[in-house]
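Chemist: Mind having a look at this structure? Questions to follow.
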Amino acid sequence: ATDLLEADFYAFQDLLTPAELKKALAVREFMEREVRPIADDYWERAECPVHLFKPYAQLGTIGSGWAETQGEETSAVFRGWVGMETARVDSSFCTFIGVSGGLAMTSIGIGGSAEQRETWLPPMAAGDVIGAFGLTEPLAGSDTAKGLRTTATRTGDTWVLDGAKRWIGNATFADVVVIWAKDTADDQVKGFLVRKGTPGFTATKIERKQSLRIVQNADIVLDGVRVDEADRLQGINSFRDVAKVLRITRDGVSWQALGTMIGAYEAAVAYTKQREQFGNPIASYQLIQDKLATAYGNVTASFAMCVRVAQLQDLGTQKDAHAAMAKAFVTTRMRETVALCREACGGNGITLDHGVARFFADAEAVYTFEGTKDMNQLIVGRAITGHAAFV
Ligand code: FAD
């Protein structure tokens, strides 16, 4: 294998097939060419380069894993790797792509009928349709499994959705938003494909975010939104089915966290080698090397965890607690790593100009979404003890 990534100290890239490696390199090259030069400015302006969605999709890596979308099947390690390469340059861009290609497409891939999969997945993989995923609500965050207030009421072949959603990425411009709502007849969670422009649906951008500023998150209001039965995800019968989606996408967030810490680590190595104090590069001092070595160890251990959970996914033996443990562990190590890297860059580490500050700020949202550290620890705690400690 080529030297794909210096941060891959234990050479996990050897697990990729030659075709996967080629695609991973193409993603890396795209991110360096198209996204790195603009990321800081878009971040500062809190705008999203939506025009890059289609060119990124042309790399052929969005939503891979669904037979409908790709010529050949790929491994979960490869799919995670692509997210890592994307986040390594910009964690927001990874979220922007991942909300559509991960959350929305996985919902349709797992919960959709054969017809729904055929209708939606190929244009989403091609970058012609952008998706969003609406689960969290103003009053239901960590407790969405029980606490959803948004309702779905069926009359004949039409459903009427009422309620509100919060934090929904891409929702201000998405062509389709997967909305999760409780069926008023049986109190179970169902999934609905709400198309852009449907009357009663409004999405308002959440302003003044200080993390993942490029991602356009929205407050959604659903006021008597009418959806045909044909646009209800036919394979979703309860929150247990939503959990199947999250088990896979949570893996993706671990890879994103890995990419986020690699981005900060690489910037810190470069900076500390060229910055001189007391007559020498600061990289030559023991305390700086300790920070870099700790960061490198965090990256390497996190890599191993991400890789193994992805392999379990392909083996069909991955459980909720596997993904939860990786998400909790890797995001915790990420938070430590971006802070060490920021520290190693001194005052310059807090400006956007030296490549660390953006990762430092973005890590906070990655730590919190798709289940906070606490929630994921409690999922692991339940697996260890048999006791659910959520309430
Ligand atoms: P809360 O649930 O209010 O939690 C607040 C604190 O209380 C946390 O520290 C939490 O761990 C703790 N806590 C809660 N319950 C317990 C308990 N039982 N025991 C111990 N501690 C507890 N959602 C979507 O549906 N779609 C999206 O596209 C999306 N994108 C997002 C993008 C960003 C940038 C962010 C910040 C969030 C996004 N989310 C999205 C929502 C995200 O998943 C939630 O923010 C997350 O699940 C936490 O919910 P909350 O923010 O309501 O926090």
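The values are calculated or read from the model by the stated rules, or taken from the named source; none is laboratory data. Everything numeric in this text was worked out from a predicted model, so none of it was measured. All Cβ positions, glycine included, derive from the backbone under ideal geometry; neighbour counts span all protein chains shown.
Chemist: Do we have F359 as touching a residue at least 12 places away in the same chain (Cβ under 8 Å), aromatic (F, W, Y) and away from the ligand (no atom under 16 Å from the Cβ) here?
Modeler: Here the answer is no, as F359 does not meet what is asked.
Chemist: How many residues are β-branched (V, I, T), farther than 20 Å from Q216 by Cβ and in contact with a Phe, Trp or Tyr (Cβ under 8 Å, 6 or more places away or on another chain) when one looks only at segment 152-183?
Modeler: 1
Chemist: Further question: So R45 clears everything in (1) within 23 Å of V356 (Cα to Cα); (2) within 20 Å of the chain's Cα centre (by Cα); (3) of a type outside the set (G, A, S) except one condition, right? Which one?
Modeler: (2)
Chemist: Hey, any hits in segment 60-78 for a residue that's modelled with pLDDT of 95 or more, in a helix (DSSP H, G or I) and in contact with a Ser or Thr (Cβ under 9 Å, 6 or more places away or on another chain)?
Modeler: Scanning segment 60-78, I find at least one residue that is modelled with pLDDT of 95 or more, in a helix (DSSP H, G or I) and in contact with a Ser or Thr (Cβ under 9 Å, 6 or more places away or on another chain), so the answer is yes.
Chemist: Looking only at segment 362-391, filter to residues that are within 7 Å of the ligand (Cβ to nearest atom) and assigned to a helix (DSSP H, G or I); which one of those is surrounded by the most Cβ atoms within 10 Å (Cβ to Cβ)?
Modeler: Among those that are within 7 Å of the ligand (Cβ to nearest atom) and assigned to a helix (DSSP H, G or I), it is A365.
Chemist: Listed residues A87, A104; which is in a helix (DSSP H, G or I), within 16 Å of the ligand (Cβ to nearest atom), closer than 19 Å to E229 by Cα and at pLDDT 95 or above?
Modeler: A104
Chemist: Among the residues in segment 244-253, are any surrounded by fewer than 19 Cβ atoms within 10 Å (Cβ to Cβ) and at pLDDT below 95?
Modeler: yes
Chemist: Shifting gears a bit: Out of the residues in segment 110-124 that are more than 21 Å from G197 (Cα to Cα) and in contact (Cβ under 8 Å) with a residue 60 or more places away in the chain, which is surrounded by the fewest Cβ atoms within 10 Å (Cβ to Cβ)?
Modeler: So, considering only residues that are more than 21 Å from G197 (Cα to Cα) and in contact (Cβ under 8 Å) with a residue 60 or more places away in the chain, the one surrounded by the fewest Cβ atoms within 10 Å (Cβ to Cβ) is S113.
Chemist: Still on this structure, please answer the following. Restrict the check to segment 320-328 and report whether at least one residue is within 16 Å of the ligand (Cβ to nearest atom) and closer than 12 Å to A257 by Cβ.
Modeler: Yes.
Chemist: Any residue in segment 137-148 that's within 10 Å of A164 (Cβ to Cβ) and assigned to a loop (DSSP other than H, G, I, E, B): show its pairings with residues that are near the ligand (Cβ under 8 Å from one of its atoms) and at pLDDT 95 or above at Cβ separation under 6 Å, as long as the two are six or more apart or on different chains.
Modeler: That search, which allows pairs on different chains as well, returns P138/R166.
Chemist: Right, next: Exactly one condition in (1) surrounded by 20 or more Cβ atoms within 10 Å (Cβ to Cβ); (2) hydroxyl-bearing (S, T, Y); (3) farther than 25 Å from T106 by Cα is not met by T300; state its number.
Modeler: (1)
Chemist: How many residues are loosely packed, with under 14 Cβ neighbours inside 10 Å and within 7 Å of the ligand (Cβ to nearest atom) if we restrict to segment 125-157?
Modeler: The qualifying residues number 1.
Chemist: Please tell me if G71 is out of contact with any helix residue (DSSP H, G or I) (no Cβ under 7 Å at 6 or more places or on another chain), farther than 20 Å from Y367 by Cβ, within 13 Å of the ligand (Cβ to nearest atom) and not polar (S, T, N, Q).
Modeler: no
Chemist: List every residue pair whose Cβ atoms sit under 9 Å apart, with the two residues 6 or more apart in sequence or on different chains, where the first one lies in segment 237-248 and is over 13 Å from W180 (Cβ atoms) and the second, anywhere, is among the basic types (K, R).
Modeler: Listed pairs, sorted by first residue: R247/K319.
Rundown of residues vs (1) surrounded by fewer than 18 Cβ atoms within 10 Å (Cβ to Cβ); (2) without any contact (Cβ under 8 Å) to a residue 40 or more places away in the chain; (3) within 15 Å of the ligand (Cβ to nearest atom), yes/no style:
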{"position": "R195", "(1), (2), (3)": "yes, yes, no"}
{"position": "T202", "(1), (2), (3)": "yes, yes, no"}
{"position": "Q210", "(1), (2), (3)": "yes, no, yes"}
{"position": "N217", "(1), (2), (3)": "no, no, yes"}
{"position": "G224", "(1), (2), (3)": "yes, no, no"}
{"position": "D228", "(1), (2), (3)": "yes, no, no"}
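Chemist: Now for a different question. Of everything in segment 1-25, what is within 25 Å of H354 (Cα to Cα) and surrounded by 13 or more Cβ atoms within 10 Å (Cβ to Cβ)? Give them in sequence order. Steps first, answer last, please.
Modeler: Just the residues of segment 1-25 that are within 25 Å of H354 (Cα to Cα), to begin with: 3-9, 25.
Selection gives L4, L5, A7, D8, L25.
Matching residues to (1) basic (K, R); (2) under 21 Å from the mean Cα position of the chain (by Cα):
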residue: V307; (1), (2): no, yes
residue: K319; (1), (2): yes, yes
residue: G347; (1), (2): no, no
residue: A357; (1), (2): no, yes
residue: Y367; (1), (2): no, yes
residue: R382; (1), (2): yes, no
